[in-house]
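Everything below concerns the one structure shown next.
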Amino acid sequence: MNTVAAASASASAAAPRSFRDVWLISSGHAFTHWYTATFFLLLPLIGKELGLSYTEIGLIMTVQHAVGAISNLPGGLVVDMVGKKGYLMALSLFWVGFPYALMSLTHSYWPLLVCVTLVGIGNNLWHPAAISALAHRYPDRKGLMLSFHGMGGNAADALAPLVVGALLAWFSWRSVVVMNVVPGIVMATMIVVMLGAFTTASRADSINAGGKSRGIQDYLKDYVSLLKNRALMLVCTSSAFRTMTQAGLLTFLPVYLAYELGYSPFLVGVCLAVLQVAGFVASPFAGHLSDKMGRKRIVISATILTGVMIVAMAFAGDSLLFVLFIALVGFFLYAMRPVLQAWAVESTPAHLAGSGVGLQFGITAVGASVSPALFGMIADAYDIHTGFLFLAGTIVASNFLIFFMPGGEPHKARATAIAKV
């Protein structure tokens, strides 16, 4: 096992110290979230125009996440086999943005579902390519680097509601989704030019024990082994419950603010921005602390506090306290995201990093696909406040699974244990 420690130290030493790639990939991640954040703000407008129920609104996001769950699994495998992460990230970024522009041509429910289906397919390549690339470049600081990647998403999630909320004062939602395509195309071009292929796989990773290049059967065999990886599957399942909370909140918080509290699109955008700014602040702290203190301790604390804040938010009503609880939910909910991603990467063999990330996001997308539809049915059957209590229950379930997870200790402790074996 000394060779493992030596290899890890060698990889760490070889990792470049320039942060250019980190900021470029994080900026690309921001645009994948920009489109989704825009759509969450437009959902109340689309729902009113098409006369949709809570259940039908929830089904829109359920379809998108369900397609993402199905396509994420082969997406991670494609990333490991192709290896050209820069090109794959650029393709994903374009594929996420373009279907939203097609929504401007829809005037009924079913064509809208077709567009969100295309978004779900396109989004499956980004995270396996980006997260595995950053984890490879910065093996000793996965939590911190992935928190920067997450901050890109939080920044876009915060800015998009403000910008789009202001644009809606002058333009229709159909015009806004068309405008949104242009910056994404520019960002995809920058990734191709500045990152190129950005392959991280070594020659040894692409050769099997017989000295031949690894074929699809080799990758499929290794992929099946991931399903038997207890640590990885527990992290993925816990991530799925956390994402259930996030997906339900992002889908129905704007609807609640617009329908129940009568907020304007701009004020809805402000509240969503508060949620994401809090997550933006929390992410690097949580990522850094998890590198030093261990993943498990940070995730347990964040999940408990998220559940408490969601319950408080549901009963706060139309007051300043409501906005405060929104901020606290965002802080604790997003604090654990990069920590769980780093934990999943550490539980996966290096040559299957893309597949492991794809598996994690595939399983989390299953949770995300279930949550909006269940929330909508609960809100139609009872009321929307009961729906928020359901979300508090999902984050409690996430916390319960964490206690069964092996590992999660600080990186230096793990490295020391390996070196002694």
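The values are calculated or read from the model by the stated rules, or taken from the named source; none is laboratory data. Model, not experiment: these values are computed from the prediction. Glycine gets a Cβ as well: all are built from the backbone with ideal geometry, and neighbour counts include every protein chain shown.
Before moving on, here are some points about what is shown:
- Neighbours by Cβ (under 7 Å, 6+ apart or cross-chain): first from the range 67-88, within 12 Å of Gly120 (Cα to Cα) and surrounded by fewer than 24 Cβ atoms within 10 Å (Cβ to Cβ); second β-branched (Val, Ile, Thr) and modelled with pLDDT of 70 or more: Val67/Thr117; Val67/Ile121; Ala69/Val366; Ser71/Ile121
- In the range 257-306, the residues that are closer than 18 Å to Asp157 by Cα and among the aromatic types (Phe, Trp, Tyr): Phe266, Phe280
- Residue match in the range 20-37 (condition: outside any helix (DSSP H, G or I), more than 18 Å from the chain's Cα centre (by Cα) and modelled with pLDDT of 70 or more): no
- Members of the range 75-104 that are among the basic types (Lys, Arg) and either at pLDDT 80 or above or not in a helix (DSSP H, G or I) (or both): Lys84
- Selection status of Tyr259, aromatic (Phe, Trp, Tyr) and either within 14 Å of the chain's Cα centre (by Cα) or in a helix (DSSP H, G or I) (or both): yes
- Taking the listed residues Val370, Val345, Val357, the one that is hydrophobic (A, V, I, L, M, F, W, C), in a helix (DSSP H, G or I) and more than 22 Å from Gly287 (Cβ to Cβ) is Val370, with no other qualifying.
- The range 290-307 - residue that is of a type outside the set (D, E, K, R), in contact (Cβ under 8 Å) with a residue 60 or more places away in the chain and in a helix (DSSP H, G or I) and, of those, nearest to Leu146 (Cα to Cα): Ser290
- Which listed residue is touching a Pro at 6+ places or on another chain (Cβ under 7 Å), of a type in the set (D, E, K, R) and either at pLDDT 80 or above or over 27 Å from Phe400 (Cβ atoms) (or both), from Lys296, Lys292: Lys292
This table checks each residue for (1) modelled with pLDDT of 85 or more; (2) touching a Phe, Trp or Tyr at 6+ places or on another chain (Cβ under 7 Å).
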site	(1), (2)
Met233	yes, no
Pro254	yes, yes
Leu257	yes, yes
Gly262	no, no
Leu275	no, no
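- Wholly enclosed helices (runs of 4 or more DSSP H) of the range 130-224 bearing at least 3 residues among the acidic types (Asp, Glu) and at pLDDT 80 or above: none
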